[in-house]
Amino acid sequence: MTPVPPRRIARVRPLSPARHNTAADNTAADTSSVENTRADYPPVPGGEQFFVANDDAGFSSGDRTLWTVIDSPFPGSHANTGSAPRSGWKPGDTVRQESFTFLAPSVPANVLGMAHNTGQAGRDLPPQAFHKAATSVIGPGEAIELAAGLGLVEPEAELAAVIGRMAKGLTLDNARSAVLGFTIGNDVTARDLQKSDDLWISAKSQDTFTPAGPWIVTGIDETELPIGIVHNGTALAPASTADLGWKLDEILVYLTSFMTLHPGDLVLTGFPASTAPLRLGDIVTCRVGGIGELTNPVTAAGRK
């Protein structure tokens with residue numbers, strides 16, 4: 001069987017369509033012009049969301065990245081339905097990357113992770129999952145907000161499986177059929193709260209504690225991908241998905257033995273690499289080979 005080439009799929013929000021919204025609009029554009037900077041495109045009111053794809057082998061096209069507008073890759077998921085098509089944003093239209101902003105790659109009903117999945121020591125324990133609030137998910141570039149008095153908070157760079165269809169009772173033979181592709185997840189965790197909360201809810205479900213993105217990659221082998229964190233410009237000791245104790249198929253079989261996964265759900269697979277404490281003003285980048293980088297600043301939590 002011929003391998004399926006990797007493809008990027010992203011959930012995005014268009015910026016102002018005032019100028020340069022499609023590839024055709026940009027044919028004669030001066031790429032050095034101030035008019036072409038992202039600052040010229042204020043976000044569109046109303047919270048639009050569209051899905052776009054990039055099939056280039058190197059995930060780029062010339063000096064500007066081109067994407068194709070596609071239908072939602074999550075059939076049956078109301079939360080992941082694309083906005084009504086409009087000029088320049090119809091399935092099949094080509095859009096430039098600077099004409100939109102990346103959102104979290106899906107709107108999940110569930111965000112799940114595997115506890116203690118950092119190597120053989122974790123595998124020697126019975127499998128155990130934890131649940132993160134879907135409301136903790138944010139996208140690339142959005143701020144991780146630290147509330148006062150949280151104590152030690154650390155990021156965890158993880159390979160995250162993005163579920164593509166409703167799934168229950170998966171087996172090792174069919175588990176992979178439920179996966180649309182893979183993205184990067186940052187399982188931000190308040191360590192002091194983790195010690196005092198046996199269920200880890202307060203430690204892991206704080207608002208903004210699950211950055212994800214910037215896109216989904218399909219058609220890649222996830223079994224041996226490098227994972228690591230860059231903290232304020234300094235790369236920390238990396239690891240590999242090969243270091244995880246419980247592998248993806250086993251995780252999906254375990255989770256679906258007692259619950260139903262839905263299109264758009266995120267399954268975090270574990271963090272075997274090194275981390276560092278998060279402080280106000282930090283910049284944290286999570287890296288997963290074959291997917292890319294997910295970067296978020298760290299700020300103080302504000303009142304809403």
Q: Starting from one equal scatterer on each C-alpha and no solvent at all, send me the Debye-based log10 I(q)/I(0) for segment 108-251 at q = 0.09, 0.21 Å⁻¹, two decimals.
A: -0.28, -1.66
Q: Could you give me the radius of gyration and the Dmax of segment 194-234, taking only the C-alpha atoms into account and expressing both in angstrom?
A: 15.0, 40
Q) When only C-alpha pairs under 8 Å and at least 6 residues apart count, what is the relative contact order of segment 47-174, in percent? A) 18
Q: Rounded to whole Å and ordered largest first, report the semi-axes of the equivalent ellipsoid of segment 250-304 derived from its Cα gyration tensor (root of 5λ).
A: 29, 17, 12
Q) Using a 1.4 angstrom probe and counting only protein chains, how large is the accessible area of H116 in Å², to 10? A) 80
Q | Compactness of segment 118-175 - radius of gyration and Dmax, Cα, Å | A | 16.1, 47
Q: Identify the chymotrypsin sites (Phe, Trp or Tyr not before Pro) of segment 59-130 meeting these criteria: DSSP loop state and at most 16 other C-beta atoms within 10 Å of the C-beta.
A: F59
Q.
Tell me the mean residue ellipticity at 222 nm calculated for the chain from its helices only (DSSP H runs of n ≥ 4, each -39500 (n - 2.57), averaged over every residue, nearest 500).
A. -1500 deg cm²/dmol
**Q.** P(r), alpha carbons of segment 181-304 - 10 Å bins starting at zero, rounded %
**A.** 11, 39, 38, 11, 0
Q: Note the per residue figure in Å³ for the convex hull of the C-alpha positions in the chain.
A: 147
Q: For the pairs K132/K195; K132/K168; K168/K247, note any where the Cα-Cα span goes beyond 21 Å.
A: none
Q: Largest first and in whole Å, give the semi-axes of segment 45-192's equivalent ellipsoid, each being the square root of 5 times a Cα gyration tensor eigenvalue.
A: 31, 21, 16
Q | Low-density loop positions, GluC sites (Glu not before Pro), segment 200-275 - DSSP coil, at most 11 other Cβ in 10 Å | A | E224
Q) Tell me, what HN-Hα J-couplings in whole Hz come from the Karplus equation 6.51 cos²θ - 1.76 cosθ + 1.60 at θ = phi - 60° for each residue of segment 87-98, using x for Gly and Pro? A) 3, x, 10, 10, x, x, 5, 9, 10, 8, 4, 7
Q.
Heavy atoms only, 1.4 Å probe, whole protein assembly: order D56, D173 by accessible area, highest first.
A. D173, D56
Q.
With a 1.4 Å probe and all protein chains kept in place, how do T68, T285 rank by accessible area, largest first?
A. T68, T285
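The values are calculated or read from the model by the stated rules, or taken from the named source; none is laboratory data. Note that the structure is a prediction, hence the values are computed from the model and not measured. A quick note on method: Cβ atoms are made from the backbone with ideal geometry, for glycine too, and the neighbour counts reach across all protein chains shown. These area figures cover heavy atoms from the full protein model, side chains too; ligands, DNA and RNA do not enter into them. Shrake-Rupley method; radii C 1.70, N 1.55, O 1.52, S 1.80 Å.
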